[in-house]
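To start, the structure under review is shown below, and the notes come after it.
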Amino acid sequence: MVITPIKLELPSGTIPQRRNSNDSLLKTQDLYMKDRDNNEKQVSDKSSMVDVGMKAVTRREALAECYIHFPEDVFSDLKKNGFLTHKGSIISTSTVAGLMGVKKTPDILPLCHPISVSGTDITIEPEENKIRIQCLVRCEGKTGVEMEALTGASVAALCIYDMCKAFSHDLTITDLKLCFKKGGKSDYKGGQ
């Protein structure tokens, strides 16, 4: 059996319409959202990658962080053993996992542009019954590295979870956030 695609042609000037969950008609041409600069952006149900071709190449940098929390007895044992487990060093292994996450970001997030990362620093710091993970990413490019930083931090945390789940499943990854970004159209510092 051969399946032939059908091309649907709308009369000139027709507005494409779709139905929402309440079964009323929505005109996709009339739906807008305001971006952080208060510019109206037309919304669409079609995924598309932003065209960055006309943007200037600038130095870009972003820092993201998150935490992984442990039960007190598990953290105490990990600390006593220098954060080494039967799977190896939590700190060095999760650092490598975070670096790999940064490099694989456009493979995981479909609308991220592949970029040439010029540098990445992963910091893994034990605190009281938790570990703080920070991921700093830098590049010279036309698009930012926020998603790479967020992905790197979260993948490092997931690696720690994987390495420690034999001791407890009561591990919690929290507070994934962008701390700052520099370069491009605007800078951002968390809390502003």
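The values are calculated or read from the model by the stated rules, or taken from the named source; none is laboratory data. For clarity, every value in this text was computed on a predicted model and none was experimentally measured. Neighbour counts run over all protein chains shown; Cβ positions are idealised from the backbone, glycine included.
Could you check how many residues of region 101-118 are in contact (Cβ under 8 Å) with a residue 12 or more places away in the chain and exposed (fewer than 14 other Cβ atoms within 10 Å of the Cβ)?
Qualifying residue count, region 101-118: 5.
Go through (1) outside any strand (DSSP E or B); (2) in contact with a helix residue (DSSP H, G or I) (Cβ under 9 Å, 6 or more places away or on another chain) for Pro110 and report which single condition fails.
Status for Pro110: all satisfied but (2).
What are the pairs, 6+ residues apart or on separate chains, where a residue within region 142-163 that is modelled with pLDDT under 95 has its Cβ under 6 Å from a residue that is among the hydrophobic types (A, V, I, L, M, F, W, C) and assigned to a loop (DSSP other than H, G, I, E, B)?
Lys142/Val52; Lys142/Val57; Thr143/Val52
Restricting attention to region 85-95, and to residues there that are surrounded by 15 or more Cβ atoms within 10 Å (Cβ to Cβ) and not polar (S, T, N, Q), which single residue is nearest to Cys135 (Cα to Cα)?
The qualifying residue nearest to Cys135 (Cα to Cα) is Ile91.
Looking at region 169-192, which of the residues that are over 30 Å from Phe75 (Cα atoms) and of a type in the set (Ser, Thr, Tyr) is modelled with the highest pLDDT?
Tyr188
Looking only at region 139-168, filter to residues that are within 21 Å of Ile91 (Cβ to Cβ) and not hydrophobic (A, V, I, L, M, F, W, C); which one of those is surrounded by the fewest Cβ atoms within 10 Å (Cβ to Cβ)?
Applying the filter and picking the extreme gives Lys165.
Pairs, please: C-beta under 9 Å, at least 6 apart or cross-chain, first residue at positive phi and in a loop (DSSP other than H, G, I, E, B) and in region 170-192, second of a type in the set (Ser, Thr, Tyr) and surrounded by fewer than 17 Cβ atoms within 10 Å (Cβ to Cβ)?
From residues that are at positive phi and in a loop (DSSP other than H, G, I, E, B), the pairs are Gly183/Thr58; Gly184/Thr58.
Restricting the first residue to region 121-138 and requiring it to be on the phi > 0 side of the Ramachandran plot and surrounded by fewer than 23 Cβ atoms within 10 Å (Cβ to Cβ), which pairs with a second residue that is in a loop (DSSP other than H, G, I, E, B) and modelled with pLDDT of 95 or more meet a Cβ separation below 8 Å and a spacing of at least six or different chains?
What qualifies is Asn129/Phe70; Asn129/Pro71.
I want to confirm something. Restricting to region 43-81 and keeping residues that are modelled with pLDDT of 95 or more and assigned to a loop (DSSP other than H, G, I, E, B), which single residue is surrounded by the fewest Cβ atoms within 10 Å (Cβ to Cβ)?
Asn81
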